[in-house]
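Asks: Structure below; questions to follow.
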Amino acid sequence: MPTMTEKLSKLYELQLLDNEIIENLRRVRILQKEESPIQKKHKMLTARLEKHNKEQEPIKKDIEMLDAENVKHLEDRKDCEEKLFSPESSSDPKMLQALQVKREQIGKLMKKHEDEKIMKQIELDNIETKKRDIIAQLEEIQEEFENITREREEEKKTLTTRIDELKKERMKFKNFEDKKLLALYQRLQKENDGVAIASVDDYVCDGCFVEVSAATIERLKYNDEIVKCQRCGRILYLPGNDEKG
Ligand SMILES: [Zn+2]
């Protein structure tokens, strides 16, 4: 039968693994959730660029529509002019006047569309200027952004690999014989931010940094029992106690 000190020494080893796993998981979560300032800036600029692209879409469509309409008007006008000036055209003055009026109307409409198109083009150019400014800002941070993103990806990969290793190492504690002690360890671990077992270092509990009494040390040294810190309630462990026997 292993002594309490031997069992605690094993659990203490387990706790080191657990704490490293917890610490690594915490860092992975931060890497996943929190972006670096440069990543945030990149995201913000990309979103703004996307917004401007979307703003431009309907304006471009309007311009296309105006162009298409003017192509049609141009044809109508040509048609009108052919009728007006062809040698075979009717010499009826009323008819000729009507054609003239129609020609003028088409001309006015075309001019109106051209003006509208210019206004739309100005709008489009204004947005284009904003976009160019954003693109320049993106280019400025591009290299740093790529480096940071790559570094963070690499760090995440390293951490994940390490977590897998630690979990494998943890498997050897699967057959820990004292199930009651293991259950207590796991409960205290949850209650105490991952630290269930506190080693006593120079008469001080390293869980709460409060001095433990000489009587407690005596119990740790000579009694084969679970001794808890009176202040923080963690299981106390005296390193090297098993060697002294
Ligand atoms: Zn304590």
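Asks: Any residue in region 193-222 that is aromatic (Phe, Trp, Tyr) sitting within a Cβ distance under 6 Å of a residue that is outside any loop (DSSP other than H, G, I, E, B) and near the ligand (Cβ under 10 Å from one of its atoms)? List the pairs, counting only those 6 or more apart or interchain.
Replies: Matching pairs, first to second residue: TYR203/GLU211.
Asks: Please find, among ASN19, ASN24, the residue that is touching a residue at least 24 places away in the same chain (Cβ under 8 Å), under 30 Å from GLU165 (Cα atoms), in contact with a Gly (Cβ under 6 Å, 6 or more places away or on another chain) and not basic (Lys, Arg).
Replies: Numbers: ASN24 fails: in contact with a Gly (Cβ under 6 Å, 6 or more places away or on another chain).
Just a single option satisfies the conditions, and that option is ASN19.
Read the figures in this text as sums done on the coordinates, not as results from a lab. All values reported here derive from a predicted model rather than from experimental measurement. FYI the Cβ positions are ideal-geometry reconstructions off the backbone, even for glycines, and counts take in every protein chain you see.
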